[in-house]
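Written out below as structure tokens is the structure these notes cover.
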Amino acid sequence: MLLQVDGLCKTYRKRSSVVLAVDHVSFQLEGGQILGFLGPNGAGKSTTIKMIAGLISPDEGDSKVLGESTKRHRQRALRHVGAVLEGSRNLYWRLSPLENLQYWAGLRGVGKRDAVLLGRQLLERFELSDKMNHTVQQLSRGMQQKVAICAALIHQPDLLLLDEPTLGLDLDSSDRIQEIVLELVREQGIGVVLTTHQMDVAEALSDRIAIIQNGRIVLEGEKREVLDRFEGNVYVIELAERVPKELRPELERAGAVFEGPDRFRIPVDSSEDLYQVVSRLKPVPVVRIEREQADLATVFRHYTHKEAEQGSV
Amino acid sequence: MWFGLLAEFRREWLLFRRYPTELISQIVIVVIAFYGLFLGASYVAGSHVVGNRLDSVIVGYLLWTLAMGAVGSMGWDIMNEAQNGTLEQVMISSLGLSRILLLRSIVMFLYNILFTFVVLFLIMWMTHRHLSVSIVELIPFGLAMASAIGIGYCVASMTILFKRSNQFLGLLQFVLLFLVMTPFASLPGWGQAIAVFVPIAPMNALLKQMMIEQFGLIGPHYWLLWSVVNAVLWVGLGMVVFATASKRARRKGILGHY
């Protein structure tokens, strides 16, 4: 097993209040797989990732990378880990991409010759060969993110932690990063834990899905299985007029995704639920009701809204 | 560890080569500050008095600038890394932050020795005073730096928890100046025993023994032995304090925050 996360818990104390950030989170990942680790803002994704990377100590539980505990043998476990963390530059801006790669390689026990060779290969793969000797601060945001991924890969880790790797990037950069991540996983058999708010990215890359809400995993499984579970349960409903304003929050809570003012997709657990939705729409005329295959965005909304509702009861 | 040391050397060298004005302006400031002090002291005490003590003033001043570099660099490093968003990457590397800070201090010390020689040369040229420095005299400097690295770890511990230590580092300059300029070893009674534990004090006494009293490295007061004890003590203490602070920062989840 490449990554084994067992019952991670973390609470933060701020003056008199206690915030439960992560609540008994467990999951596994094999090499050659990508786990889409999804959740709304503040759900506990980054805290979990940082606990796996040994940057935050868990109150309870442990994570093991290739059998090495990140709690007890942190530095041994971290030899197998590369990470690109959200909100951090991850690079020295006054050095060039190649110099950065050589530096990070040195800190990870890679010799200069190997670092230069591997660094050049990685930069070439990420189409940055012509920018090799510019300083990082002269590069675009997309290029900087590519260099940060190269730096995380310079010691050829078995596990790559990617926290929002395509956030704020243009479409081309985002597509290229996705292609390369897929190539690396398929060719080199590395495992990736990917957190993102971009459901299309998660759906395109992930083999497994874990959804976290209020610090707890509310869904975990193979992507195909998860989507199959929803197949046949998602309906597209099109109305002759706009969806009444007062109904929108209620439909959204039920997991509806609006695709236009008069059209939405909604997952339902049974045909009875479907009739209930249609009856709530009365007297607005319904133009079309069609069964559709679920996508990750629908699944995500369904689980996070359901949890939020249960949490608020 | 070796690759890490080479990587740190290379990074410092690249930054110096790319931004040489930073180091040059630093040298100019240190030399001008010394010359200002020298002229001021000559005016107040008379050039004859200052002239007699100039050797020890120069040595003390250089020791102070070197110690300031060692004490402050770890704190500044953590502050800058947290601000620039690279601290978490440094923590993730398999060497660990404590060892990386140590490597950086070693690299900084070696570069600072070169820097100090340039400053020393300029000071000698400006004051028309010539000091002969032998390689053996670098030993007390090295031991003083080890002691300063220990304090540096304590400052870094504070920085890793609170992320801001600018004010404290400013104040620390004067504490260090006090440590370097106070002749603890010449204090009567318990003064000498205290000197063993005060950071940099036995190294200061060792330098005085070597450069002014001309006793050499092994003198009659065992200052070399006490300097080694002092250096080991402060590096050990600093590392323990830093390990405790890092653990606390990890528990509070504030490593990457600024």
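Filter the trypsin sites (Lys or Arg not before Pro) in the stretch A:175-262 down to the DSSP loop ones having no more than 16 other Cβ atoms within 10 Å, then list what survives. Of the trypsin sites (Lys or Arg not before Pro), the ones in loops of the stretch A:175-262 whose Cβ has at most 16 other Cβ atoms within 10 Å are A:ARG242. Between B:THR244 and A:GLU86, the modelled labels are 3.6 nm apart [label points 7 Å from Cα along Cα→Cβ].
In order along the stretch A:191-205, the Karplus-derived 3J(HN,Hα) couplings, from 6.51 cos²θ - 1.76 cosθ + 1.60 at θ = phi - 60°, round to x, 10, 9, 10, 10, 7, 9, 8, 5, 5, 5, 4, 5, 5, 9 Hz, and Gly and Pro are given as x. Relative intensity of the stretch B:135-258 on a log10 scale, I(q)/I(0) at q = 0.21 Å⁻¹, equals -1.11, per a Debye sum over C-alpha point scatterers of equal strength in the absence of solvent. Expressed in Å, the radius of gyration and Dmax of the Cα atoms of the stretch B:1-42 are 16.0, 49.
Once the Cα-Cα distance is subtracted from the 0.36 nm per residue extended length, the A:SER26 to A:ASP200 segment shows a gain of 60.2 nm. Restriction of the chymotrypsin sites (Phe, Trp or Tyr not before Pro) in the stretch A:1-94 to DSSP coil positions whose beta-carbon has at most 16 other beta-carbons within 10 angstrom yields A:TRP93. Remark: chain A carries a charge dipole of roughly 1420 debye about the Cα centre, counting +1 on each Lys and Arg Cβ and -1 on each Asp and Glu Cβ. Across peptide A:48-56, the average count of Cβ atoms from other chains found within 10 Å of a residue's Cβ is 4. Ratio of Rg to Rh for the stretch A:87-235: 1.03 [Cα atoms; Kirkwood radius as inverse mean 1/r over pairs].
Computed from the Kirkwood radius of its Cα pairs, the Stokes-Einstein diffusion coefficient for the stretch A:107-151 at 10 °C and 1.306 mPa s stands at 145 µm²/s.
Each residue of the stretch A:247-263 was assigned a 3J(HN,Hα) from its phi angle through the Karplus expression (A = 6.51, B = -1.76, C = 1.60, θ = phi - 60°), giving 8, 4, x, 5, 5, 5, 5, 7, x, 5, 10, 7, 9, x, x, 10, 9 Hz with x at Gly and Pro. Available extension along the chain between A:VAL19 and A:GLU252 is 81.2 nm, counting 0.36 nm per residue and deducting the alpha carbon span. Between helix B:47-84 and chain B there is an angle of about 0 degrees, using the helix long axis and the longest principal axis of the Cα atoms. Each of A:TRP93 and B:ARG164 was given a label point 7 Å from its Cα along the Cα-to-Cβ line. The distance between the two points is 2.0 nm.
Our analysis of the stretch A:167-313 gives Rg over Rh at 1.03, with the two radii drawn from alpha carbon positions and Rh computed by the Kirkwood formula. Residue by residue, the stretch B:166-176 carries 3J(HN,Hα) couplings of 4, 4, 5, 5, x, 5, 4, 3, 6, 4, 5 Hz when phi is fed to the Karplus relation 6.51 cos²θ - 1.76 cosθ + 1.60 (θ = phi - 60°); x denotes Gly or Pro. Taking other Cβ atoms within 10 Å as a rough exposure proxy, A:THR195, B:THR182 sort from fewest to most as B:THR182, A:THR195. Here's how it looks for A:ALA83: its modeled amide H is under 5 Å from those of A:LEU161, which are all 5 or more places away or on a different chain.
For the protein assembly as shown, place one equal point scatterer on every Cα, skip the solvent, and apply the Debye formula. What is log10 of I(q)/I(0) at q = 0.13 Å⁻¹? Those come out to -1.26, one per q.
May I ask for the distance between the Cα centers of the stretch B:128-181 and the stretch A:99-122, given as a whole number of Å? Here the two parts' Cα centres lie 33 Å apart.
The Cα atoms of chain A cover 73, 45, 38 Å along the three principal axes, with the biggest extent listed first.
For chain B, the 222 nm mean residue ellipticity estimated from helices alone, with every DSSP H stretch of n ≥ 4 adding -39500 (n - 2.57) and the total spread over all residues, rounds to -28000 deg cm²/dmol.
Only helices enter the 222 nm calculation for chain A: every DSSP H run of n ≥ 4 contributes -39,500 (n - 2.57), and dividing by all residues gives -11500 deg cm²/dmol, rounded to 500. Across the alpha-carbon atoms of chain B, the computed radius of gyration and Dmax are 19.0, 59 angstrom.
With the convex hull drawn over the C-alpha atoms of the stretch A:232-292, the volume per residue is 69 Å³. In plain terms, the chain from B:GLN214 to B:PHE16 could stretch by 67.6 nm, reckoned as 0.36 nm per residue minus the Cα-Cα distance.
Read-outs: derived from the displayed coordinates by stated rules, not from any lab. In this text, all values refer to a predicted model and were calculated from it rather than measured experimentally. Here Cβ is always computed from backbone atoms with ideal geometry, including for glycine, and neighbour counts include all displayed protein chains.
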